[in-house]
Amino acid sequence: MEKTRVVQVQQVTKHSKYEKAVRNFVRYKAHDEKNATKIGDVVLIMETRPLSKDKRWIIEEVVGSKA
């Protein structure tokens with residue numbers, strides 16, 4: 001998977017009955033043309049035409065880094 005990054009998006013919602021915070025995660029495969037991102041980077045992704053079977057997103061920019 002050269003030039004491909006798996007981006008995980010976290011959404012925090014409140015449970016309807018118990019009102020406890022529930023975390024939901026969705027993973028997207030995104031194209032990284034320059035191989036510029038690393039593990040832990042916060043990125044902005046944009047939807048694009050299908051690039052492969054699972055890859056339909058591209059990395060627009062690196063917003064920040066957790067490290």
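Every number in this text was worked out from the coordinates using simple rules, so none of it is lab data. Since the model is a prediction, treat every value here as computed from it, not as a measurement.
Could you give the length gained by full extension between A36 and S16, i.e. 0.36 nm per residue of separation minus their alpha carbon distance, to one decimal place?
3.2 nm
Put simply, region 4-65 fits an ellipsoid with semi-axes of 27, 14, 8 Å; these come from the alpha carbon gyration tensor as the roots of five times its eigenvalues, largest first.
For T4, the residues whose amide H sits under 5 Å from its own are D32, ignoring neighbours fewer than 5 places away on the same chain, with H placed 1.01 Å from N.
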